[in-house]
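Novice: Quick one: the structure is below, and I'll ask about it shortly.
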Amino acid sequence: MRDDSSDKLPEETSADVSDRPDPEPETRADDPDEPDWRTGIRGSRFGQVAVMIVAAFAIAIAAWWAVGPDDVGPAQAETAVVTEVDVAGADSAPVVGQRAPAFTATDLDSQEVVLDPDAMEGRPVWLMFVATWCTGCRTEMPDVQAAAADYGDDVEVIAVYVGEDAAAVSAYSERVGNDFTQVPDRSQAISAAYGIMGVPSHFFIGADGVVEQVQVGLLTPEQMDESLRALTGA
């Protein structure tokens, strides 16, 4: 019989294992064309952190595109632009069904402007509160001008400029070409009476002096037309 004992491999002891040198860590072969600065960053902790941040940012952007713009309701998207204003002594804003607060003011032509719910003379009013520096107000102003021209004498359009004087409003009006009634409200008295907290703000007041609609924020041409048709019965 053949003796296989001579073919057996010698058994390793724990001492043999402990004496074995640690394997060299596997390294990525350097690209001979890679700049030294890029090689240094890639091998540093800063470079690894930077890669993680960029990857997380890319994932966040992808998620925003997946669920962001298309999931915002039309009304919210269209009226989202509004700028907060600080009006001292502001009252509670009139709501739909309440009589509009009366006021007397002076427009850019030094003419008296009166809004009296007891003497509307059968003409509804589109009363808006704006500011020359307000982004949303500037954005919608050409559409306001177009709507005012379309409805002509069927509705009176009054723009009240919150906290601004005649000089600032006049310069702005000449620049943009507004030709409807514009009232500087330097003292903020009218703004306070209407409880203004943000611009633009729109009050659609019926011929009976009752507030029919209140909208805060930038309006699209379609929203303006819809509100004015309801206000005038067109």
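Laboratory data are not the source of any read-out in this text; all were calculated from the coordinates shown. Given the structure is predicted, the values throughout are model-derived calculations rather than measurements. Cβ atoms come from the backbone with ideal geometry, glycine included; neighbour counts cover every protein chain shown.
Novice: Counting DSSP beta bridges in the range 83-232, what percent are antiparallel, to the nearest 5?
Specialist: The antiparallel proportion sits near 60 percent.
Novice: A further question follows. Just grab the label-to-label distance for residue 138 and residue 170, each label 7 Å out from Cα along the Cβ direction, in nm (one decimal).
Specialist: About 2.2 nm, to one decimal.
Novice: Let me ask something additional. If I model a spin label at residue 88 and residue 106 as a point 7 Å from the Cα along the Cα→Cβ vector, what separation in nanometres do I get?
Specialist: 2.1 nm
Novice: Non-local amide H neighbours of residue 160 (under 5 Å, H modeled in plane, Pro and chain starts lacking H): which ones?
Specialist: Amide H neighbours of residue 160, under 5 Å, 5+ apart: 128, 129, 130, 183.
Novice: Average projected area of the Cα convex hull of the range 145-195, in nm²?
Specialist: Directional mean of the projected Cα hull area for the range 145-195 stands at 3.8 nm².
Novice: Taking the number of other C-beta atoms within 10 Å as the exposure measure, put 204, 180, 129 in order starting with the fewest.
Specialist: Result, fewest neighbours first: 180, 204, 129.
Novice: Still on this structure, I have one more. Under the rule of at least 5 residues apart or a separate chain, name every residue whose amide H is placed under 5 Å from the amide H of residue 198.
Specialist: 85
Novice: Also, quick follow-up: How far apart, in nm, are two points set 7 Å out from the Cα along the Cα-to-Cβ line at residue 210 and at residue 95?
Specialist: So the label points at residue 210 and residue 95 sit 1.5 nm apart.
Novice: P(r) for the range 83-232: what percent of alpha-carbon pairs falls in each 10 Å bin, starting at zero?
Specialist: With a bin width of 10 Å, the distribution comes to 12, 46, 38, 4.
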